[in-house]
Amino acid sequence: MLSDIRHEKLAKILVDYSIKCEKGDKVWIDYNGCDYQFVAHIIREIYAKGGMPFVHGENPRIKRELLKRCTDEMLQIWAKRDVAFMEQCQCY
């Protein structure tokens, strides 16, 4: 599949201006069902700035099945996991 130049431009804008990624920044990339090539462009831009990308992706259909019957306990476990990781990141 050919790369879309718009994805490259948007990735640069997100990394340079929206999150202002700097050398050493830990960046959590959370994606849900978007084009993998767009995520790859964001990763490249973060590396170019000297940042460290951490990717968390989910399939919307799988997430839906999980959420249909999840319990409060499950939600609290997920929240604790995410908070612990987010506290180590400078950008989201």
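The values are calculated or read from the model by the stated rules, or taken from the named source; none is laboratory data. Note that the structure is predicted; figures quoted are calculated from it, not measured. Cβ placement follows ideal geometry from the backbone for every residue including glycine, while neighbour counts extend to all protein chains displayed. What goes into the accessible areas is simple: the full protein's heavy atoms, side chains included, and nothing from ligands, DNA or RNA. Shrake-Rupley method; radii C 1.70, N 1.55, O 1.52, S 1.80 Å.
Observations
- Rounded percent of accessible protein surface that carbon and sulfur make up, the chain, 1.4 Å probe: 57
- Residue-averaged [θ]222 nm for the chain, counting only DSSP H segments that reach four residues, each worth -39500 (n - 2.57): -15500 deg cm²/dmol
- Rounded to the nearest whole Hz, the Karplus-based 3J(HN,Hα) values (6.51 cos²θ - 1.76 cosθ + 1.60, θ = phi - 60°) of the stretch 12-29 follow the sequence 5, 4, 4, 6, 6, 10, 5, 9, 6, 4, 10, 4, x, 5, 9, 10, 8, 9, with x at glycine and proline.
- Scattering from the stretch 43-92 was approximated by placing one identical point on each alpha carbon and applying the Debye formula without solvent; log10 I(q)/I(0) at 0.16 1/Å stands at -0.64.
- Going by accessible surface with a 1.4 Å probe and the largest first, L14, L67 read L67, L14.
- For the set C34, C21, solvent exposure ranked by accessible area (probe 1.4 Å, protein chains only) runs largest to smallest as C34, C21.
- Simple Cβ-charge dipole of the stretch 1-77, Lys/Arg +1 and Asp/Glu -1, about Cα centre, in debye nearest 20: 100
- Across the chain, C-alpha contacts under 8 Å between residues 6 or more apart give a mean separation that, scaled by the residue count, equals a relative contact order of 36 percent.
- Fluctuation leader among K63, K26, K12 - the chain, Gaussian network, Cα springs under 10 angstrom: K63
- Crossing angle, helix 72-86 versus the chain [Cα axis fit, 0-90 degrees, rounded to tens]: 30
- All-pairs alpha carbon distance profile, the chain, 5 Å steps from 0, percent: 3, 13, 20, 20, 17, 13, 9, 5, 1
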